[in-house]
1. In degrees, nearest 10, range 0 to 90: what is the angle between the Cα axis of helix 18-81 and the longest Cα principal axis of the chain?
2. Only helical DSSP H runs with n ≥ 4 go in: add -39500 (n - 2.57) per run for the chain, normalise by residue count and round the 222 nm mean residue ellipticity to 500 deg cm²/dmol.
3. If you average 1/r over every pair of different alpha-carbon atoms in the stretch 98-158 and take one over that average, what Kirkwood value in Å do you get?
4. Applying a 10 Å radius around every beta-carbon, put 141-153, 65-77 in order of their mean neighbour count, most first.
5. What is the angle, in °, between the Cα long axis of helix 131-143 and the longest principal axis of the Cα atoms in the chain? Nearest 10 is fine, range 0 to 90.
6. Any idea what angle helix 3-14 forms with the longest principal axis of the chain, computed on alpha-carbon atoms, 0 to 90 degrees, nearest 10?
7. Which peptide among 28-39, 120-131, 79-90 comes first, and what is the full order, when sorted by highest mean count of other Cβ atoms within 10 Å?
8. Based on the alpha-carbon gyration tensor of the chain, what equivalent-ellipsoid semi-axes (square roots of 5 times the eigenvalues) come out, in whole Å, largest first?
Ligand code: HEC
């Protein structure tokens, strides 16, 4: 073992040769690049995937909204053609029969009652008014606007 060799190896441990330092720098750069690519990829996913998901759910929402609107429109017509309005009023506000909307009783109750009324209301069998018809009438009743509050009607506050 010669002394110069020892110093040489110690020296190479403490002070990396310029070539080693270059390799280390390349490795660090490569790592930074790799991390950058991953972050960019994640950003791209966020930017391109999220809006399309949002657009999808918006499309679904407007689809079910237009289905609701169609149901309300049908229900409004049926409420007239089945004569419900004659006793319950055109806006279901009540007349001979009680007020039915807004805030109608549950659909299951309406279905039961309309098929087997207990008072002076005539019965409507499934043949006359199908479950779908009653579902549409229910949608119409639910769509009715709330009447104004007493304090919001000037004539009632004079
Ligand atoms: C000839 C008049 C008349 C017609 C037509 C009529 N109803 Fe009625 N309805 C009544 C009366 C009166 C009552 C109160 C209970 C009774 O006497 O049966 C009533 C009660 C109801 C009730 C129960 C409400 C509650 O608060 O208990 C529902 C629901 C209802 N009617 C829905 C309908 C629907 C829907 C139609 C049309 C498919 C309709 N009615 C047509 C007269 C009528």
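Each value in this text was obtained by applying a stated rule to the coordinates, not by laboratory testing. All of these numbers come straight from a predicted model, not from anything done at the bench. A quick note on method: Cβ atoms are made from the backbone with ideal geometry, for glycine too, and the neighbour counts reach across all protein chains shown.
1. The angle comes out at about 0 degrees.
2. Numbers: 5 runs with 103 residues, N = 158.
So the calculated ellipticity at 222 nm is -22500 deg cm²/dmol.
3. Details: mean 1/r = 0.0747 Å⁻¹.
Result for the stretch 98-158 stands at 13.4 Å.
4. On the way: 141-153: 12.0, 65-77: 14.9.
Answer by packing, highest mean first, reads 65-77, 141-153.
5. 80 degrees
6. On a 0 to 90 degree scale, this one is about 20.
7. On the way: 28-39: 10.0, 120-131: 12.2, 79-90: 15.9.
Going from most to least packed, we get 79-90, 120-131, 28-39.
8. Values: eigenvalues 1319, 78, 39 Å².
Taking √(5λ) for each Cα gyration eigenvalue gives 81, 20, 14 Å.
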